[in-house]
Amino acid sequence: MKILGLSCGTRNGNNDTMCRVALEAARDAGAEIEFIHVFDWDIRYCTGCVACSRGLVMGKGMVCTQKDDFAALFDKMAEADGVLIVDPIYESGGSGLFHVLCDRMGPGHDMGMLLMADGMLKEQGKPGLDPKYLKKKAISFVGIGGSDWACRVETDHAMLAMSPAWKVINNEYFSWSKDVIMQDDKIERMKEIGRNLCKAAADIENAAWMGKPGACPHCQGNNFYIFPGTTHCVCELCGLEGTLEIVDGAFRFKFDPADEHKAHDTISGKKLHGEDIFRNEGRLMNLNKDEEFKRRKKYYTQICAPTQAPSKS
Ligand SMILES: Cc1cc2nc3c(=O)[nH]c(=O)nc-3n(C[C@H](O)[C@H](O)[C@H](O)COP(=O)(O)O)c2cc1C
């Protein structure tokens, strides 16, 4: 069983250290371990070209126009049984590097799309996708912060697991952690997170959330968007809609159970989203040939040209 740890922090800084703490505990529990300091890898922005989703829909398999280390990094994750991501908290959320990883995981690594592409390739008599891309996987996240500004980070982090539909085992953050290497309670918790990940990865069919229960009983999320002036809200992580109610002295998110199949982290929810996008793309397919569209595009484009970047001029 293999556990892969990724750190998005500075070299040998607190995030690297805490990742290594969990990996050591995983190794002691019998796992093979590997550590990646993500900044050492060439990981570029998603350019939004959508070649990845087009490639899957057209039966070309997994493609990306960025020629960097991301495909190799994703292969490392795909080959592991459990993945741990330790990430510095920036502006109350995940780091920029983490967000780049998240975008690169986007549509081209969405389990709903991958399953559809695999089926399509097989229907054409071709070998399907490499089974490692369809494997169930356990993943945990830890955010390390220098203060207590942290309220978005768990949602940011869990978003990365959404696309490949990997099972989140622990997702938490440590505040006031510039000296975390001296804080034994946090080191102990990190070891526990490493061991939990091992346990989950060893029995992935029965793997379950091992953190504190969240207000959302579906995804354990604690962040909600409240529609202004209403009691109606959306769980920012799984996208279910409902209300927040106080049950036994704590907020509890209530949604109609008949809606649960729409949750963004379920294959049925991904399928619904895929169908919506497909319908919308179909509606827009001939827009480039529409005279009024062409006129508006030309009008707005000529208003101002972008300023050249100094490094490129
Ligand atoms: C751009 C930037 C933004 C930051 N924002 C936050 C924040 O909102 N909340 C917080 O707790 N710490 C914040 N920090 C502190 C970092 O989380 C902390 O420096 C980091 O975890 C150190 O990790 P490292 O030693 O692995 O590099 C910020 C640091 C930087 C550089």
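Screening TYR90 on (1) within 29 Å of SER177 (Cα to Cα); (2) away from the ligand (no atom under 16 Å from the Cβ) shows it passes everything except condition (2). Across segment 17-34, the number of residues qualifying as within 13 Å of the ligand (Cβ to nearest atom) and in contact (Cβ under 8 Å) with a residue 60 or more places away in the chain comes to 4. Pairs linking a residue in segment 45-68 that is more than 23 Å from GLY96 (Cβ to Cβ) to a residue that is surrounded by 14 or more Cβ atoms within 10 Å (Cβ to Cβ) and among the hydroxyl-bearing types (Ser, Thr, Tyr), with Cβ atoms under 8 Å and 6 or more positions apart or on different chains, are MET62/TYR133.
The residues of segment 136-162 that are part of a loop (DSSP other than H, G, I, E, B) and not charged (D, E, K, R), listed by number, are GLY145, GLY146, SER147, TRP149, ALA150, CYS151. Contact annotation: residue pairs with Cβ atoms under 8 Å, 6 or more positions apart or on different chains, pairing a residue in segment 80-106 that is over 15 Å from THR47 (Cβ atoms) and free of Cβ contacts under 8 Å to residues at least 24 places away in the same chain with a partner that is within 14 Å of the ligand (Cβ to nearest atom) and among the hydroxyl-bearing types (Ser, Thr, Tyr), are GLY96/TYR90. Any residue at all in segment 114-128 that is in the same structural domain as GLU205 (by TED's automatic domain parsing), crowded, with 20+ Cβ neighbours inside 10 Å and under 24 Å from GLU34 (Cβ atoms)? Yes, that holds for at least one residue.
Whenever a residue of segment 233-253 is farther than 12 Å from ASN223 by Cα, it has no partner that is modelled with pLDDT under 95 and surrounded by 12 or more Cβ atoms within 10 Å (Cβ to Cβ) lying with C-beta atoms less than 8 angstrom away and at least six residues away or across chains. Look at PHE255 and say whether it is surrounded by 15 or more Cβ atoms within 10 Å (Cβ to Cβ) and more than 16 Å from the ligand (Cβ to nearest atom). Answer is yes for this residue.
Please verify whether GLY9 is small (Gly, Ala, Ser), within 16 Å of the ligand (Cβ to nearest atom) and within 13 Å of LEU97 (Cβ to Cβ), treating the condition exactly as stated. Yes: the conditions hold for GLY9.
Taking the criterion of being part of a helix (DSSP H, G or I), surrounded by 16 or more Cβ atoms within 10 Å (Cβ to Cβ) and within 16 Å of the ligand (Cβ to nearest atom), the residues of segment 176-192 that qualify are VAL180, LYS186, ILE187, ARG189, MET190. Is it true that ALA201 is more than 16 Å from the ligand (Cβ to nearest atom) and within 30 Å of ASP248 (Cβ to Cβ)? Answer is no for this residue. Among all residue pairs at least 6 apart or on different chains, which show Cβ distances below 7 Å where the first residue, located in segment 270-298, is among the aromatic types (Phe, Trp, Tyr) and the second is surrounded by 11 or more Cβ atoms within 10 Å (Cβ to Cβ)? Close Cβ pairs satisfying both conditions: PHE293/LEU287. Would you confirm, using the coordinates I've provided, whether LEU134 is more than 16 Å from the ligand (Cβ to nearest atom), hydrophobic (A, V, I, L, M, F, W, C), within 26 Å of ARG195 (Cα to Cα) and out of contact with any Ser or Thr (no Cβ under 9 Å at 6 or more places or on another chain)? So LEU134 passes the test. A Cβ distance below 9 Å, combined with a sequence gap of six or more or placement on separate chains, defines the contacts here; from segment 146-159, residues that are within 14 Å of LYS178 (Cβ to Cβ) reach residues that are in a helix (DSSP H, G or I) in the pairs GLY146/ASN14.
The values are calculated or read from the model by the stated rules, or taken from the named source; none is laboratory data. Bear in mind the structure is a predicted one, so any value in this text is a computation, not a measurement. In this analysis, Cβ positions are derived from the backbone assuming ideal geometry, glycine residues included, and neighbour counts consider all displayed protein chains.
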